[in-house]
Every structure is written in structure tokens, then in C-alpha cells.
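Just below is one structure, and these are the notes that go with it.
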Amino acid sequence: MFKVLFDLLRYNREFLLGTLLILIILALIACSFFAPYGENDIYVVIPDMPPSAEHWLGTNSRGQEIFWQLSISMRNTLMFGVVVAAISRVIAIVVGLVSGYIGGRTDQIIMAVNDTLGALPNIPILLLLVFVLRDQMTWPVLALTAALLGWTHDSRLIRSVALSLRTREFTRHAAFSGMRTGQILFREHLPYVMPIVFFTTMNNLIWAIGLEVTLSILGFSDINRPTIGGMIYWANAHSAMVAGIWWWIAVPMIFVVILFLGLFLLAMSVNEYIDPRSRLARMGA
Amino acid sequence: MMNATLAPERPATTAPVDVLTIKDLKAYYINEHFGVRREVRAVDGIDLTVRRNEVYGIAGESSSGKTSLIKTLAGAIRPPMRVVEGSVKFDFGGKHIDVYGEPAKMQAARWQHLSYIMQGSMSVLNPVRRIKHAFNNFAYRHMGLDATAFRRRVESHLDRLGLDASVLEAFPHQLSGGMRQRVTIALATVCEPEFIIADEPTTALDVLVQQDVLGLIKEVQGRLGSSVVFVTHDMSVHAAITDRLAIMYAGRLAEEGPTQALFDRPQHPYTAHLIASLPRIGDVSTRKSLAGKPPSLANPPSGCRFHPRCPIAIERCSKEVPQMLPSATGGRVACFRAGEVSMQ
């Protein structure tokens with residue numbers, strides 16, 4: 001495992017760059033634990049100060065320092081993404097493996113549900129739920145909702161692999177020796193699909209964070225919980241661009257791009273590691 | 001010390017005991033699409049017995065129903081295949097099991113009394129898991145041992161099969177084809193089963209490794225006193241390993257008998273042709289091949305299924321189905337003109 005990581009860092013430039021970008025984000029998040037101000041405290045510093053030695057990323061019109069706002073926002077946003085990715089991974093794995101292995105009518109029914117959910121437009125559904133639930137729409141509820149919408153593509157992908165695993169000799173062998181279905185799925189098939197799970201997780205994380213940022217910018221989330229989208233929402237609410245406070249909008253944008261780029265590069269290079277053909281292409285074969 | 005944990009070797013009995021008895025077994029693949037019913041009669045009326053402590057060979061062309069037959073007798077069939085008629089009964093040292101009468105009992109007997117060496121050693125082992133997991137998953141619960149005793153038992157078993165205990169920590173891709181096949185044999189025999197089914201275990205191997213694997217199967221079989229059903233289309237492998245041999249053609253048995261007698265004096269014209277197709281050292285004449293193709297099992301010919309390709313077929317062959325009757329060489333044969341074919 002460590003050897004693989006070391007090799008990737010050494011020979012794969014995308015992986016190296018992706019790791020560096022993610023390390024920047026993680027360092028930023030680590031800073032949030034040492035913040036001198038509470039996350040919702042306002043007018044603790046002089047408002048509207050441009051970036052300087054004293055205020056690294058400047059201050060906003062609400063009298064908050066943008067660096068500390070950014071670090072807590074990044075933590076909350078990433079947390080949201082991780083929760084969504086984790087829940088939707090569990091659903092995708094269970095649905096994909098069961099559907100692919102059992103097959104037949106069960107598979108047809110599960111896949112019909114899967115495809116129906118996959119065809120639903122996500123943003124309008126979430127907006128509808130936000131309007132209906134209003135104050136009950138806390139971030140865990142939002143995360144759960146997003147997770148319930150975000151597993152369909154990956155469960156199909158896992159199912160396609162499970163379909164081929166089902167006819168492999170080792171599966172027949174396992175069934176013949178008397179292993180139960182659950183044991184076969186968990187012990188024999190799950191390790192096989194782990195690389196796919198690993199790489200789809202990154203894409204799912206990007207999707208979830210994008211969703212959260214979109215909803216927050218529009219103000220459809222808890223505005224008192226600092227997030228990347230929430231920062232941009234507040235900046236818009238104070239007409240930051242008109243007032244010339246460009247750093248208020250630019251900083252969260254730059255950092256969310258860094259996060260996306262890092263995750264994307266990691267997903268891409270891991271994908272390349274998993275697919276032997278692209279590895280061969282890299283070696284010039 | 002090591003041997004104290006091992007079960008005592010089974011005493012070799014003098015009287016032949018039938019471990020497996022198959023009576024008039026019919027298993028068809030039945031498909032129904034848009035109201036049209038299609039039957040593929042892969043196993044169509046087979047009677048046979050396998051004795052204790054013997055290697056019983058099943059030979060035949062591709063699509064002659066060999067694999068369907070052994071799947072059926074192992075109780076490992078899935079829809080659309082179904083047993084239409086007949087019975088499969090095992091006798092594991094006084095423990096009687098009717099495969100299609102008591103499926104639950106069969107499930108419990110698998111691996112412990114009945115194991116399977118499958119075709120294609122490459123894919124029998126899960127490529128992403130270490131070998132030890134295969135032993136733990138397949139054999140552990142059948143042995144009734146605690147983890148350390150089980151591990152010791154597996155290691156001593158591997159040792160007797162000429163494998164180092166370190167293979168347990170290896171992934172399948174780290175082993176050679178021959179080693180992998182040895183591991184599968186070890187996996188199938190670790191519970192010391194009375195009955196072993198070997199489905200073309202040597203097909204993907206080169207001749208030297210093949211020799212090695214055959215020797216190993218024979219050796220394990222001799223030590224355990226088990227019965228082995230050995231399936232392959234390779235007649236030379238049958239000549240090397242089996243005690244008795246059955247020839248399958250289009251879902252039915254054509255001939256059965258002691259291997260040596262079958263090779264010396266084949267009674268069925270199909271057997272005679274199979275044997276004539278084998279190359280022999282020093283013989284430079286061109287090998288004769290049989291005209292035609294194996295019949296479709298969905299729509300088999302009437303009467304004797306071999307009659308369209310048979311060089312000595314008479315009119316009766318296309319009308320009546322020949323029964324398996326005792327032959328002149330101590331076996332059984334299903335042919336109206338048994339013994340009348342001459343190859344040379």
C-alpha cells in the first residue's frame with residue numbers, strides 16, 4: 001500500500017499535484033481548530049480591509065477575518081461532502097452487489113428503482129425539499145437527502161462488475177462449498193470492487209461539494225453555518241463586487257477550485273493506476 | 001505430533017461398495033420464451049455407479065453433456081436446468097444422501113464428503129484475496145477445528161502435496177499455473193472427502209505440469225481411498241489415470257467399462273473412433289476423423305443418437321433406442337451392433 005503510494009508520488013505528476021493541493025486544503029482545515037474568533041462572531045476586526053500582512057486574506061463587511069472564515073467554511077463544506085459520499089457509498093455497494101449477484105427479477109426491480117432515481121433532476125428536488133422543510137432543513141438532513149440522490153450511477157457501475165463476478169469460477173466454488181449469499185458478497189466480491197468504490201468516491205465528493213456550494217450561494221441552506229457557498233452568499237448580500245471588496249468573493253472561489261482540482265487529479269491518477277492500459281500507455285508501450 | 005491431529009486413514013475395503021448410484025437421470029435445460037418451450041436434453045437417461053476407491057472417467061466431445069452430468073450429480077444445477085426424472089444417491093460410509101430428495105443434507109455434505117476440482121485453475125481462486133482466505137472460507141466450517149488446529153492441518157496437507165506453507169500468504173497471481181492447480185487440489189482434498197469431482201483439471205496446463213497434477217490426484221485419491229469422477233475430453237489422460245471409463249455421446253452413455261479393456265477392444269463404434277483418433281508414437285498414418293458434427297441436444301436424432309454418423313448403422317438404429325447391456329469385455333454398451341466395428 002505505501003509502496004504503491006510512494007510510486008504514484010514519484011512517477012505520476014497528476015497524483016503529486018493532487019496530493020499537494022489536498023494537503024493545502026487539509027492544512028487550512030487544521031487551522032480552523034485554532035481560530036481566535038467564534039465562527040459566527042461579527043465586527044471583531046475592522047471591516048473591508050484588503051489583504052495585508054495583518055489580515056492575510058483581508059476582512060469582510062461583517063467585520064470578520066476572511067482567513068478564519070475560510071478555514072471553518074472549508075471544514076464544514078468538506079464534512080458535508082464526506083458524509084454524503086460515505087452514505088451514498090454504502091447504498092451503492094449494497095445495491096450494486098446484491099442486484100448483480102442475485103439477478104433475475106430482483107435485479108430488474110432494483111434497477112428500475114435505481115434508474116428512476118437516477119433520472120430525477122437533483123437540484124429541483126432539493127429546492128422543493130428546502131421550501132417544504134424550511135427550518136428543519138439542517139445540514140445533516142440535507143446531506144442525507146443528497147446521499148439518497150447520489151448513489152445511482154455508482155451502483156450501476158458496481159452491478160456491472162458484480163454481474164461478471166457472479167459467473168466466475170470462484171463464485172461457483174464458494175457457493176458450492178456452502179457459503180451463504182451474504183458471505184459471498186462481503187468476503188469474495190467486496191474486495192474485488194474496492195478500487196472502483198475508491199475512485200467513484202472522489203467523483204461523488206466533488207459532486208456533493210458542488211451541490212452544497214450551489215444551494216448555499218442561492219441561500220437554500222443554514223446561512224448561520226459558515227460554508228464556502230455561504231461565504232459567497234453573504235458577499236453577494238453585501239454587494240461585495242459593487243463595493244469593491246473583491247477578495248470576499250475571490251478567496252472562497254479560488255479555494256474551492258483548488259479543492260476540486262485536487263480531488264479531480266487524485267481521482268484521475270487513481271483511475272489511471274487501476275486501469276492497466278493507461279499505465280502501459282504511460283510507459284510508452 | 002503432527003499426525004495426531006489427522007484423521008485416521010480410511011481402511012481399504014476389499015468388497016467394492018457403490019458410493020454413487022445414478023438411476024435413469026434426466027436433466028434438461030428448459031427455456032420458455034413467448035410461449036415456446038425449448039428443451040435441451042443435456043443429460044438424458046443415464047444409469048451409472050461409482051465404486052469406492054476408484055477413478056471413474058467420463059469422456060466425450062464438447063457438448064456431449066459431460067459437465068451437465070457432473071453438475072447434476074453434485075447438486076450444483078441452477079435454472080434453467082432442471083432434473084426431470086431419476087435419482088442421484090450417495091453413500092458416504094453408511095451416510096445415505098439422496099441429492100434431489102434432501103437438498104439440505106446435500107448442502108451440509110458438500111466439501112466435507114463431496115468436493116469439486118473445477119475447470120480452469122486461473123479463475124477458481126479469487127484474484128484479490130490471499131490463498132489462506134480461500135481455505136478459511138471454503139473448508140473451515142466443515143472441519144470442526146479451532147483456528148490454530150485448522151491452520152496446522154492445512155499446512156501439513158499442503159506439505160504433503162509438495163507446497164510450502166508460504167503459499168497461504170500469496171495472491172493467486174503470484175503463483176505459477178501448476179502451483180495454482182495444486183492449491184485447488186489441496187483446497188478440494190483438505191477435508192478428506194470420500195468423493196471428488198474433477199472437471200477437466202488439466203485442460204489449461206502444459207503436458208509436464210499435467211503429468212504432475214495427474215500424479216498428485218491419483219496419489220491423494222489412493223491415500224484417502226476416495227472415489228474420483230474425472231471428466232475430460234482428452235483420451236490420453238483417461239488412459240493414464242482412470243480405472244473405469246464411460247463414453248458419453250449426445251447426453252447418453254455409449255459405453256462403459258474397465259479402461260484397459262475399453263482401449264483394447266472398444267465395443268461401440270463411437271468409442272472405436274475416439275480411440276483411433278489418438279496419435280501413437282511410430283505410427284505415421286493420417287488420423288481418421290469422424291464425418292459430421294455432434295447432434296443438437298435440442299433436437300436429437302431418433303433412435304440411437306449416433307446413427308447419422310455411424311459407419312455401420314443399420315435401419316434398426318434410427319428407429320429404436322439401444323439399451324445399456326453387458327458387453328463382451330466386462331462393461332456395458334448401448335449398441336445393436338456392439339463389437340462389430342473393426343478399425344484396422
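The values are calculated or read from the model by the stated rules, or taken from the named source; none is laboratory data. The structure displayed is predicted, hence computed values, not measured ones. As a convention, Cβ positions derive from the backbone with ideal geometry for all residues, glycine included, and neighbour counts pool all protein chains shown. Ligands, DNA and RNA are excluded from the accessible area calculation, which covers all protein heavy atoms including side chains. Shrake-Rupley method; radii C 1.70, N 1.55, O 1.52, S 1.80 Å.
Couple of notes before you dig in:
- Scanning the stretch A:31-57 for residues that are exposed (fewer than 14 other Cβ atoms within 10 Å of the Cβ) and either free of Cβ contacts under 8 Å to residues at least 12 places away in the same chain or touching a helix residue (DSSP H, G or I) at 6+ places or on another chain (Cβ under 6 Å) (or both) turns up A:PHE33, A:PHE34, A:GLY38, A:SER52, A:ALA53, A:GLU54, A:TRP56.
- Only one of the numbered conditions (1) at negative phi; (2) without any contact (Cβ under 8 Å) to a residue 40 or more places away in the chain; (3) of a type in the set (Gly, Ala, Ser); (4) surrounded by fewer than 17 Cβ atoms within 10 Å (Cβ to Cβ) is not met by B:ALA313, and that is (4).
- Selected residue (only one of A:ALA92, A:ALA119, A:ALA143 is surrounded by fewer than 19 Cβ atoms within 10 Å (Cβ to Cβ) and either small (Gly, Ala, Ser) or within 16 Å of A:ASN203 (Cα to Cα) (or both)): A:ALA119
- Look at the stretch B:100-116: where a residue is touching a residue at least 60 places away in the same chain (Cβ under 8 Å) and a partner is of a type in the set (Gly, Ala, Ser), sitting 6+ places away or on another chain with Cβ atoms under 7 Å, you get B:TRP111/A:SER177; B:TRP111/A:GLY178; B:TRP111/B:ALA139; B:LEU114/B:ALA74; B:SER115/B:ALA188; B:TYR116/B:ALA74; B:TYR116/B:ALA188.
- Filtered by the rule that a residue be within 7 Å of chain A (Cβ to nearest Cβ) and open to solvent by 10 Å² or more (accessible area, probe 1.4 Å), the stretch B:98-118 gives B:GLN107, B:ARG110.
- Single match in B:ASP164, B:ASP199 (criterion: touching a Ser or Thr at 6+ places or on another chain (Cβ under 9 Å) and surrounded by fewer than 23 Cβ atoms within 10 Å (Cβ to Cβ)): B:ASP199
- Failed item, numbered, when B:THR67 is tested on (1) of a type in the set (Val, Ile, Thr); (2) surrounded by 19 or more Cβ atoms within 10 Å (Cβ to Cβ); (3) over 30 Å from B:SER166 (Cα atoms): (2)
- Residue within the stretch B:157-168 that is among the hydrophobic types (A, V, I, L, M, F, W, C), in contact with a helix residue (DSSP H, G or I) (Cβ under 7 Å, 6 or more places away or on another chain), at pLDDT below 85 and under 20 Å from B:VAL220 (Cβ atoms) present: yes
- A:SER160 surrounded by fewer than 18 Cβ atoms within 10 Å (Cβ to Cβ), assigned to a helix (DSSP H, G or I) and polar (S, T, N, Q): yes
- Tally of residues being more than 7 Å from every other protein chain (Cβ to nearest Cβ) and in contact with a helix residue (DSSP H, G or I) (Cβ under 6 Å, 6 or more places away or on another chain) across the stretch B:119-129: 2
- Boolean, B:ARG280 is without any contact (Cβ under 8 Å) to a residue 60 or more places away in the chain, farther than 28 Å from B:MET81 by Cα, touching a Ser or Thr at 6+ places or on another chain (Cβ under 9 Å) and surrounded by fewer than 16 Cβ atoms within 10 Å (Cβ to Cβ): no
- Qualifying residue in the stretch A:193-213 (condition: farther than 20 Å from A:GLY81 by Cα, within 12 Å of chain B (Cβ to nearest Cβ) and in a helix (DSSP H, G or I)): yes
- Test: residue in the stretch B:31-43 that is surrounded by fewer than 20 Cβ atoms within 10 Å (Cβ to Cβ), within 23 Å of B:ILE247 (Cβ to Cβ), in contact with an Asp or Glu (Cβ under 8 Å, 6 or more places away or on another chain) and in contact (Cβ under 8 Å) with a residue 24 or more places away in the chain: no
- The stretch A:192-206: number of residues that are surrounded by 19 or more Cβ atoms within 10 Å (Cβ to Cβ) and without any contact (Cβ under 8 Å) to a residue 60 or more places away in the chain: 1
- Per this entry, B:HIS238 is not counted among residues that are more than 22 Å from B:TYR28 (Cα to Cα) and more than 20 Å from the chain's Cα centre (by Cα).
- When residues of the stretch A:173-191 are limited to those that are in a helix (DSSP H, G or I), surrounded by fewer than 20 Cβ atoms within 10 Å (Cβ to Cβ) and without any contact (Cβ under 8 Å) to a residue 40 or more places away in the chain, the one farthest from the other protein chains (Cβ to nearest Cβ): A:GLY182
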